[in-house]
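Notes follow the structure.
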Amino acid sequence: MSATKTTTAKTAPKATEPEVPAYDFDSWSEEDEQKAILAAVPEVKYILVEDRFIGRLSDGSIVEVPLKMSLDEVDELQSDGAAPVDQFKAILRKISGDDAANDFGKRDLVEAAILAEKFFRTLQRVQQAAFPE
C-alpha cells in the first residue's frame, strides 16, 4: 500500500491596506487652523553675546554668526538677490565653512527661515540703535 501525500500550496496572507484616516474637512474652522499653525511653529531662540548672534534650534543645535560684516560681504550676499534663508546660509558658509552651511541646509525649512529672519531683524535693530529717535 502506498501512501499518497497531497500538498496544498500555502498562500501568503493578504496584506492589509493601511487604514485611511478620517479627516473632517467640513468642521475645520479658523480657530482650528490657528491652533494647528501655532502647534507647528518650532522653538527657535537666540541671544546676543558681544558682537555675535547665537541661535538655538529646536533640537538644541547652536548656530553662531557675527553681527559685524564688511560692506563688501553684505554686497556679495545681496548681489544674488537671494532670500534671507539663503543669505544666512551664505554667511554660515563664509564664517564657519561648508559643513556648517550644509548642516543648516538640511534643517526644516520653517525652522531655518525663522532663525534667518530673527538674525536679520536683530541686525536691523542694531543698525537702528545707532539713530535713536
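FYI, it's all coordinate maths here, none of it is from the lab. For clarity, every value in this text was computed on a predicted model and none was experimentally measured. Note: ideal-geometry Cβ built from the backbone for every residue, glycine included; neighbour counts use all protein chains shown.
Details
- Here the simple spin-label model places points 7 Å from the Cα toward Cβ, and for residue 103 and residue 33 these points are separated by 3.8 nm.
- For the chain, lysine pairs with C-alpha atoms less than 15 angstrom apart, excluding pairs fewer than eight positions apart on the same chain, total 4.
- Theoretical FRET efficiency, 1/(1+(r/R0)^6), r = Cβ-Cβ of residue 49 and residue 82, R0 35 Å, to 0.05: 0.85
- Added length on full extension, which subtracts the Cα-Cα distance from 0.36 nm per residue, residue 124 to residue 59: 20.7 nm
- Sorting the Cα pairs of the chain by distance into bins of 10 Å, from 0 upward, gives 9, 29, 20, 13, 10, 6, 5, 4, 2, 1, 0, 0 percent per bin.
- With the largest listed first and rounded to whole Å, the semi-axes of the equivalent ellipsoid of region 59-133 from the Cα gyration tensor are 22, 15, 11.
- Taking other C-beta atoms within 10 angstrom as a stand-in for reagent exposure, 47, 54 fall in the order 47, 54, fewest first.
- Here is how the number arises for the chain: DSSP H runs of 4 or more residues each give -39500 (n - 2.57), the sum is divided by the residue count, and the result at 222 nm is -14500 deg cm²/dmol.
- For the chain, the relative contact order comes to 18 percent (Cα pairs under 8 Å, sequence separation of at least 6).
- Order of 68, 94 - criterion: other Cβ atoms within 10 Å of each residue's Cβ, fewest first: 68, 94
- Counted by neighbouring Cβ atoms within 10 Å, the residues 120, 53, 88 run from fewest to most as 120, 53, 88.
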